[in-house]
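Let me begin by presenting the structure, written as structure tokens, before commenting on it.
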Amino acid sequence: SNIKEYCTVCHRAGGIAPMDLVTYEDVRMYAPLIKIKVVNRIMPPYYYDNDVGIQELQHDWRLSQEDINTVVAWVDQGAPLGNPDDMPPPAELRDTDDWSLSADFGPPDILAPSTPIDVPAAGLDLWHRPIVKMLGVPDGERCIKALQVKPRGDAVTVVHHANSTFQRLQDDGSFQGTGDRATEYAMGKLGEIIPEGVCRVIPANSYIRWDIHMYPGGLGATAVNDVIEGNIVELGIWLHPADYEYEYKQDLVSYNFMEGQRELLLPPNTGFMTHGMRSFDHPVRLDSFQPHGHLRLRSASLEIFYPETGRTEIISMVSNWSATWHQSHIYEDDVAPLVPAGAVLIMKQWFDNTDGNPNNPDPDQWVDYGNRTADEMSHFWLGVTHLDEEGYERLVEERKIKEDGERISARD
């Protein structure tokens, strides 16, 4: 059942993964390889450290140690079939072009597909920046519940990233940004879920401006190395009801460690580290954590420094990061870090420009900061709810009451 739940979704006809794991015969053929990938936590592809920082995450793909032990024991026994009568029913496979988040939220309320573009089988990086009208957009301002970006079909292997912002049509026919971001997509990312009680705004009468970066041929083991005709990237938006009540706004922010200087230069056959800091003049809650880099990024961590006490708390760490599986690690509501005004976010990334990095195409190259896939970047995407002092104190107190209640229950 672990295989059906965690593997078949990608390892199937039309899926992004390189082999089918649908039937018992499929799985038995690859059992030794499955064991290696599972033991090393390479699959399922969710590279968030198990022993550092917050562990309660939404849409967490990681296997428990118990699940891993079960798979290992089964493979070591020769991957026996067992009693066919006890076999779980075949997994219900959704169409590979369906929305992953529709299982939670139903079909999207709004669709915003990009305009099509042909991507060649080989060549230099491409950028595509159309402005499109949204399908199903309401007249007034609304609050977003969730967002998912989905390259259509084989485009999933060639779309490096796709960012979307809201624009308004001006009287002279031009467009102007509203200052609001819809979402960010990078290869492998599931999507974003906005916490209850806060609002990420979709402005009234707005359009979507796409910023899509494509890499001809594709990346990773699933690269198609073929022409992708009419490549379309789709955005699905789920909305709260028009009468949805909220106190605070939430946005998705990119914090670039090298802002204004771009002094990121990796010499050949070396390691490198970047270090960024950010503080706020008001309290915030961190709702999600997503490192961004390219082929030489290997690890990333997020810490909070509290100046009043001198304490530093490690929040999240990804030691084995991969450019083919970006993930927005969404904290469960009860543990999303509450950051007081003046506390400092410390953001670190480690790069590996050696032949010890399996993702590195050429360790003998100098690597500079830049937008191309062969260049490197250093930033985090963070979901941030902007609180006031009253809201911050209330959330801290609510958590304390809940923790005290759980302690009493455990004692009884």
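Filtering R399, R372 for residues that are over 23 Å from S254 (Cβ atoms) and modelled with pLDDT under 95 leaves a single hit, R399. Among the conditions (1) assigned to a strand (DSSP E or B); (2) open to solvent by 20 Å² or more (accessible area, probe 1.4 Å); (3) modelled with pLDDT of 95 or more, H161 misses just one, which is (3). For the range 84-100, the criterion of being modelled with pLDDT of 75 or more, in a helix (DSSP H, G or I), open to solvent by less than 40 Å² (accessible area, probe 1.4 Å) and out of contact with any helix residue (DSSP H, G or I) (no Cβ under 6 Å at 6 or more places or on another chain) is met by none of the residues.
What is the residue count in the range 1-33 for residues that are in contact with a helix residue (DSSP H, G or I) (Cβ under 7 Å, 6 or more places away or on another chain) and either modelled with pLDDT of 70 or more or outside any helix (DSSP H, G or I) (or both)?
6
It is to be established whether one or more residues within the range 239-246 are at pLDDT 95 or above, aliphatic (A, V, I, L, M) and open to solvent by less than 70 Å² (accessible area, probe 1.4 Å). Yes, because at least one residue in the range 239-246 is at pLDDT 95 or above, aliphatic (A, V, I, L, M) and open to solvent by less than 70 Å² (accessible area, probe 1.4 Å).
In the range 273-287, the residues that are closer than 14 Å to F380 by Cβ form Cβ pairs under 7 Å with partners that are part of a strand (DSSP E or B) and among the charged types (D, E, K, R), at six or more places apart or across chains, as follows: H275/K348.
Residues of the range 278-308 that are farther than 23 Å from D49 by Cα, of a type in the set (A, V, I, L, M, F, W, C) and crowded, with 19+ Cβ neighbours inside 10 Å: V284 alone. Would it be correct to say that A204 is open to solvent by less than 40 Å² (accessible area, probe 1.4 Å), within 21 Å of S378 (Cα to Cα) and in contact (Cβ under 8 Å) with a residue 40 or more places away in the chain? Taking the combined requirement at face value, the residue does not satisfy it. List the strands (runs of 3 or more DSSP E) inside the range 199-300, counting only whole elements, that have at least 1 residues being within 30 Å of D139 (Cα to Cα) and either in contact with a strand residue (DSSP E or B) (Cβ under 6 Å, 6 or more places away or on another chain) or small (G, A, S) (or both). Here the list reads 207-214, 228-231, 233-239, 248-256, 284-292.
With respect to (1) open to solvent by 70 Å² or more (accessible area, probe 1.4 Å); (2) at pLDDT below 95, the lone exception for R311 is condition (2). Scanning the range 334-359 for residues that are more than 20 Å from the chain's Cα centre (by Cα), open to solvent by 10 Å² or more (accessible area, probe 1.4 Å) and among the aliphatic types (A, V, I, L, M) yields L338, A341, V344.
Would you call K189 among the charged types (D, E, K, R) and either surrounded by fewer than 19 Cβ atoms within 10 Å (Cβ to Cβ) or part of a loop (DSSP other than H, G, I, E, B) (or both)? Yes; evaluated as a whole, the condition is true for this residue. The single condition among (1) touching a strand residue (DSSP E or B) at 6+ places or on another chain (Cβ under 8 Å); (2) among the hydroxyl-bearing types (S, T, Y); (3) open to solvent by 10 Å² or more (accessible area, probe 1.4 Å) that Y331 does not satisfy is (3). Considering the range 34-43, and only residues there that are touching a helix residue (DSSP H, G or I) at 6+ places or on another chain (Cβ under 8 Å) and part of a helix (DSSP H, G or I), the residue that is surrounded by the fewest Cβ atoms within 10 Å (Cβ to Cβ) turns out to be V39.
Can you confirm whether the range 132-150 contains a residue that is surrounded by 17 or more Cβ atoms within 10 Å (Cβ to Cβ), among the aliphatic types (A, V, I, L, M), modelled with pLDDT under 95 and under 24 Å from R372 (Cβ atoms)? No: zero hits.
Quick one: would you say Y215 is aromatic (F, W, Y) and out of contact with any Gly (no Cβ under 7 Å at 6 or more places or on another chain)?
Yes, satisfied.
Within the range 27-53, the set of residues being out of contact with any strand residue (DSSP E or B) (no Cβ under 6 Å at 6 or more places or on another chain) and under 22 Å from I314 (Cα atoms) comprises R41, Y46, N50, D51.
Candidates in the range 44-73 are the residues that are hydrophobic (A, V, I, L, M, F, W, C) and free of Cβ contacts under 8 Å to residues at least 40 places away in the same chain; of these, the one that is surrounded by the fewest Cβ atoms within 10 Å (Cβ to Cβ) is A73. Just to verify a result, which residue in the range 120-131, among those that are among the hydrophobic types (A, V, I, L, M, F, W, C) and not in a loop (DSSP other than H, G, I, E, B), is surrounded by the fewest Cβ atoms within 10 Å (Cβ to Cβ)? Among them, the one singled out is W127.
The values are calculated or read from the model by the stated rules, or taken from the named source; none is laboratory data. What you see is a predicted model, and the numbers here were worked out from it, not measured in a lab. Every residue, glycine among them, receives a Cβ derived from its backbone with ideal geometry; neighbour counts consider all protein chains shown. Heads up: the accessible areas ignore ligands, DNA and RNA and are worked out on the full protein's heavy atoms, side chains in. Shrake-Rupley method; radii C 1.70, N 1.55, O 1.52, S 1.80 Å.
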